[in-house]
Amino acid sequence: MNHPSFEDISSFIDKELPDWKIKEIEEHINMCPTCKEILNDLLLIEQGIKASHIEFDTQTFTMEVLEKIRPKTERRYNFRLKLATIGLVISLIFGTSLGIVRNRYRGNLDKGKQLLISQHNIISSGDMGVIFISDR
Amino acid sequence: MYKAKNYKDYDDSTLIKLSQKGDEKAFEEILNRYSNRIINLATRIMGSVDDGWDVAQEVFVSIWKNIKSFDSSKNLYPWIRKITVNACYEELRKRGKGLESSLDDVEEGEPSIDLPDVKYSPEDNYSKIELNEVIEKALETLPEHYRITLWLRAVENLTYEEIAETLNINIGTVKSRINMARKLMRDKLKYYLEVKDESS
Ligand SMILES: [Zn+2]
């Protein structure tokens, strides 16, 4: 058999030839280094193309698609829900930290007041933090 | 009665039927199954990851909108693949590139288009990974109608007949495109393949 054409070797890789022709080419390639080299090159290229398959972040992709297919009202509702949640979290954090600061301030004030009272016979007006110091 | 709701266990046909009833979770499972392949396909046709990602998203959105028209007894993935190819060509058409060449029958012989050389400086010994990188680079420089035909053959593992159906061309054109694409790839990669042969 003469060398098979490049087209035949290409179709041979894809098994897009009649069985008898595949067999004929196979037998030839086993004996012919020239055609074997062409076949090997094409197989390497094939492998390289297969390897160029990328692994994408499909989780993000899916989330974005789902966001797009949701009805607008639901999206608006979700957006509002998100806003409300963020607002709640912020006010909780803000409120808590404000409480801590206030309690600490009060605690310090109470300690200071007690110290002053014990040392200087002081009368406290109480909660408002206004203190009166009596003359000795 | 208790009904298992693990969507991973459902076949495509069930997922379609559920999606047709508006079950978003079923559609999410379809996305999990096929989005990576579809983004890859769109990326190859469009020639960029960003464009491929965007077109693939539009494809799934339009599938959700048109899911009711799909016959659930048919295979899902080939349908999605065909929609993707059409959507990419449509996008390329809007941008005024690619389509004329993709619809032309390819003549055997030397290509009329000037192809840029692969810009890699080969070393005497290089790994398979490096060769694959050069091959990917070479694939990117192919005209898009060669690139997509070769991709459908190599990665999607389609027969010539399936490629013809997907691209709306005849089998003879598929065959000549694949031959030409391989010829071009081999010419571009000649030096690298020779080095590879010597080093192996
Ligand atoms: Zn030979």
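The values are calculated or read from the model by the stated rules, or taken from the named source; none is laboratory data. Predicted, not measured: the structure shown is a model, and the values here were computed from it. Methodologically, a virtual Cβ is constructed for each residue, glycine included, from the backbone with ideal geometry; neighbour enumeration extends over all protein chains shown. Please note that ligands, DNA and RNA were not included when accessible areas were found on the heavy atoms of the full protein model with its side chains. Shrake-Rupley method; radii C 1.70, N 1.55, O 1.52, S 1.80 Å.
When each of B:96, B:47, B:52 is tested for being under 12 Å from the mean Cα position of the chain (by Cα) and farther than 20 Å from residue A:69 by Cα, the lone residue that passes is B:47.
The residue that is surrounded by the most Cβ atoms within 10 Å (Cβ to Cβ), counting only those in region A:7-22 that are more than 10 Å from every other protein chain (Cβ to nearest Cβ) and assigned to a helix (DSSP H, G or I), is A:12. Hey, residue B:158 hits all of (1) at the interface with another protein chain (Cβ under 10 Å from one of its Cβ atoms); (2) closer than 25 Å to residue A:34 by Cβ but one; which does it fall short on? All conditions pass for residue B:158, except number (2). The residue of region A:23-43 that is farthest from the ligand (Cβ to nearest atom), among those that are away from every other protein chain (no Cβ under 14 Å) and open to solvent by 90 Å² or more (accessible area, probe 1.4 Å), is A:23.
Any residue in region A:26-36 that is among the hydrophobic types (A, V, I, L, M, F, W, C), part of a loop (DSSP other than H, G, I, E, B) and touching a residue at least 24 places away in the same chain (Cβ under 8 Å)? Looking for residues that are among the hydrophobic types (A, V, I, L, M, F, W, C), part of a loop (DSSP other than H, G, I, E, B) and touching a residue at least 24 places away in the same chain (Cβ under 8 Å), one finds at least one in region A:26-36, hence yes. Determine whether region B:71-85 contains at least one residue that is surrounded by 19 or more Cβ atoms within 10 Å (Cβ to Cβ), at pLDDT 95 or above and of a type in the set (D, E, K, R). So far as region B:71-85 goes, yes, one or more of its residues are surrounded by 19 or more Cβ atoms within 10 Å (Cβ to Cβ), at pLDDT 95 or above and of a type in the set (D, E, K, R).
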